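Comments concern the structure below.
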Amino acid sequence: MFSVIRGYNILIIVIAQYLASIYILAHDKPLRHVVLDINLFLLVLASSATIAGGYIINNFYDSEKDLINRPLKSKLDKLVNQNTKLSFYFVLNFLAVIMVSYVSFKAVVFFSIYIFGIWFYSHKLKKMPFVGNLTSAILTITPFFAIFMYYKNFETVIFVHAIFLFLLISMRELTKDLENITGDLTLNYHTIPIVYGENVSKKMLTALSILTLIPIYLLLYKFEIGYMYVYFYLSIILLVVFLVLLWRSKTKLHYLIGHNILKFIILLGVFSILLIDVNLLLNRIL
């Protein structure tokens, strides 16, 4: 079940939500007020439950495709039968709504829409070119939007960070489509690589890579981000490596390496939030 819900991904999202809250969204609040905020804890916990449920329902709909694209993981996931997965899916979503009901009615509505959006994406939208990729990227950053709305922090720098993350996730989703083209083609998924071809997909990824330079430039030269500038310069280098590899890619393994480069950039970005102010934790504790 840990494999089905991708517990490692959820752990990273939890860490990212708390780091974003401490260093970006609620940077003007005392550290203990953020860390010990019961409402924030419930929002993060509900996000984790909803995301876990999303992985389950996505696994349910993609079971045949995963047999082709991820045979080893698929065999492991099949150790948990489909009825157990669905039962766990409904329990997790129910618990998520119950938890956020403590925060506010608006939070209940927000997470109810989020849960429905994940189901509708898994059931229908993910098989559609552009719409599926766009929806997946939006659903991925939605947990951070919940925290953003809770703190009501509308600083411009937050939107720039969000745009950079959105572009990276969009690139990852499109690269994943290239990686999974065999299974998608077999099961009649109308993804961008299948409908428009690999060459067009590579051109789109190149364009998205260039677009990431806009938020990178703004964050480096228009906002105070402390030592996090090191991360963005490293991201540029890694994106260049990704593009060189992308245009030489012909097999699933090549696309998998590119996918992992993008995942590494996103993961590194989570922990690089600490570099915004290396003295922040010490100062706010005191």
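The values are calculated or read from the model by the stated rules, or taken from the named source; none is laboratory data. Just so you know, these numbers come straight off a predicted model, no measurement behind them. Cβ atoms come from the backbone with ideal geometry, glycine included; neighbour counts cover every protein chain shown.
Tally the residues that are of a type outside the set (A, V, I, L, M), without any contact (Cβ under 8 Å) to a residue 60 or more places away in the chain and surrounded by 14 or more Cβ atoms within 10 Å (Cβ to Cβ), restricting the search to segment 83-103.
So the answer is 3.
Take the residues in segment 54-87 that are part of a loop (DSSP other than H, G, I, E, B) and within 24 Å of the chain's Cα centre (by Cα), then tell me which one is modelled with the lowest pLDDT.
The extreme case among them is Arg70.
Counting just the residues of segment 1-53 that are assigned to a loop (DSSP other than H, G, I, E, B) and over 17 Å from the mean Cα position of the chain (by Cα), which one comes out nearest to Phe88 (Cα to Cα)?
Here the answer is Met1.
Only residues in segment 131-151 that are within 16 Å of Phe116 (Cβ to Cβ) count as the first member; pair them with residues that are surrounded by 19 or more Cβ atoms within 10 Å (Cβ to Cβ) and small (Gly, Ala, Ser), Cβ under 7 angstrom, at least 6 apart or cross-chain, and list the lot.
So the pair list comes out as Pro143/Ser47; Ala146/Ser47.
Output the residues belonging to segment 139-165 that are aromatic (Phe, Trp, Tyr) and within 19 Å of Leu40 (Cα to Cα).
Phe144, Phe145, Phe148, Tyr150, Tyr151, Phe154
Could you list, in sequence order, all residues of segment 219-242 that are more than 19 Å from Ile169 (Cα to Cα) and surrounded by fewer than 18 Cβ atoms within 10 Å (Cβ to Cβ)?
Leu220, Tyr221, Lys222, Phe223, Glu224, Gly226, Tyr227, Tyr229, Val230
If a residue has to be under 18 Å from Arg248 (Cβ atoms) and among the polar types (S, T, N, Q) to count, how many in segment 175-199 make the cut?
2
To keep it simple, each residue is scored yes or no on (1) touching a Ser or Thr at 6+ places or on another chain (Cβ under 8 Å); (2) in contact (Cβ under 8 Å) with a residue 40 or more places away in the chain.
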site: Leu211; (1), (2): no, yes
site: Tyr217; (1), (2): no, no
site: Met228; (1), (2): yes, yes
site: Tyr231; (1), (2): yes, yes
site: Leu234; (1), (2): no, no
site: Val240; (1), (2): no, no
site: Val244; (1), (2): no, no
site: Leu253; (1), (2): no, no
site: Leu256; (1), (2): no, yes
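Residues checked against (1) modelled with pLDDT under 95; (2) not assigned by TED's automatic domain parsing to the domain that holds Ser235:
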| position | (1), (2) |
| --- | --- |
| Ile113 | no, yes |
| His123 | yes, yes |
| Phe144 | yes, yes |
| Lys203 | no, no |
| Pro215 | no, no |
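Need the failing condition index for Leu168 against (1) modelled with pLDDT of 95 or more; (2) surrounded by fewer than 20 Cβ atoms within 10 Å (Cβ to Cβ), just the number.
The failed condition is (2).
Would it be correct to say that His254 is assigned to a loop (DSSP other than H, G, I, E, B) and either under 24 Å from Ser136 (Cβ atoms) or of a type in the set (Gly, Ala, Ser) (or both)?
no
Tally the residues that are within 22 Å of the chain's Cα centre (by Cα) and basic (Lys, Arg), restricting the search to segment 88-112.
0
If only one of Leu220, Leu165, Leu187, Leu178 is touching a Lys or Arg at 6+ places or on another chain (Cβ under 7 Å) and of a type outside the set (S, T, N, Q), which one is it?
Only one candidate qualifies: Leu187.
What are the residues in segment 171-188 that are over 16 Å from Leu205 (Cβ atoms) and surrounded by fewer than 21 Cβ atoms within 10 Å (Cβ to Cβ), if any?
Of everything in segment 171-188, those that are over 16 Å from Leu205 (Cβ atoms) and surrounded by fewer than 21 Cβ atoms within 10 Å (Cβ to Cβ) turn out to be Thr182, Gly183, Leu185, Thr186, Leu187, Asn188.
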